[in-house]
1. For segment 162-183, how many residues are farther than 10 Å from A131 by Cα and modelled with pLDDT under 90?
2. Kindly check whether there is at least one residue in segment 53-71 that is buried (at least 19 other Cβ atoms within 10 Å of the Cβ), under 12 Å from the mean Cα position of the chain (by Cα), in contact (Cβ under 8 Å) with a residue 24 or more places away in the chain and assigned to a helix (DSSP H, G or I).
3. Which one of the conditions (1) closer than 19 Å to T109 by Cβ; (2) surrounded by fewer than 19 Cβ atoms within 10 Å (Cβ to Cβ); (3) in contact (Cβ under 8 Å) with a residue 12 or more places away in the chain does T85 fail to meet, given that it meets all the rest?
4. Of all residues being more than 18 Å from P184 (Cβ to Cβ) and touching a helix residue (DSSP H, G or I) at 6+ places or on another chain (Cβ under 8 Å) in segment 2-17, which is modelled with the lowest pLDDT? Just the residue, please.
5. If you take the residues of segment 95-112 that are buried (at least 20 other Cβ atoms within 10 Å of the Cβ) and farther than 16 Å from P140 by Cβ, which of them is modelled with the lowest pLDDT?
6. Of the conditions (1) modelled with pLDDT of 90 or more; (2) part of a strand (DSSP E or B); (3) surrounded by 18 or more Cβ atoms within 10 Å (Cβ to Cβ), R80 clears all except one; give me its number.
7. Going through segment 125-161 one residue at a time, which ones are closer than 16 Å to A202 by Cα, modelled with pLDDT under 90 and part of a loop (DSSP other than H, G, I, E, B)?
Amino acid sequence: MSTALSLTDAQIERYSRQILLPEIGGRGQARLLAAHVVLAGAGEAATAAAVLLGRAGVGALDLLAHGGSLPELGPDCRLRRLALTDAATVVPEVDVLVDLAGDGELTATLGRRAQAAGRPLVVGVLADARAVVATLVGRPCVACLPRAVLALEGRGASGRFAAPAALAAGALAASETLAALLFPPSQGRLHTLACGDGIFAAEPLPPTTGCSVCGGG
């Protein structure tokens, strides 16, 4: 991802609040405008993530298997829609892959692509009234991540917390994607928000060993 991109006067005005943040500045905003993100999924979580990424100034956003309509993402976001069958051919030049599809097979496919390309994979799932988002970098990968970490046995949310959990998952995934673009992580991490009681937890993901996919030995 090149940071040689210069900001126009209109972009400086459009993203002035972000540029004023010392962690971002003009250089960070240029990185976002030059970034390429692939986002898989449909529904409220994926829509929320797409809107937040687009309006933050991510330059290229590929939507995988998202057939719904979207509000305006911003004039600097180049949007492209891909079919679910394109998952296996996602180009390795993308900077971050985001999976909010809630499909184990698709997660495995994107995980292999991300691992082969050396790119972060942000995975978000809903489990009861919880939003769980994992950022995978190196080890552990999707193949050796314990199933219980992402509550893979109990995906989905229902009841009065379904909508808040979906929006939280989308917001957490977008936040982790932006963080990965601005400050490439050296280790995986996990974020969990329990919408029922408002408890939020963040913790690192220890590297695994003995995985044939990510080379953990």
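1. Number of matching residues: 1.
2. Yes, the conditions are met somewhere in segment 53-71.
3. The single condition T85 does not satisfy is (3).
4. Filtering segment 2-17 for residues more than 18 Å from P184 (Cβ to Cβ) gives 6-17.
Next cut, touching a helix residue (DSSP H, G or I) at 6+ places or on another chain (Cβ under 8 Å) only: 6-7, 11-12, 15.
On the way: S6: 84, L7: 92, Q11: 95, I12: 95, Y15: 96.
Selected residue: S6.
5. To start, the set of residues in segment 95-112 that are buried (at least 20 other Cβ atoms within 10 Å of the Cβ) comprises 95-102, 107, 110-111.
Retained after the next criterion (residues that are farther than 16 Å from P140 by Cβ): 95-96, 98, 100-102.
Numbers: D95: 96, V96: 96, V98: 96, L100: 94, A101: 89, G102: 84.
In this case the residue turns out to be G102.
6. Exception for R80: condition (3).
7. A151
The values are calculated or read from the model by the stated rules, or taken from the named source; none is laboratory data. Just so you know, these numbers come straight off a predicted model, no measurement behind them. Cβ sites come from the backbone with ideal geometry, for glycine too, and all protein chains shown count toward neighbours.
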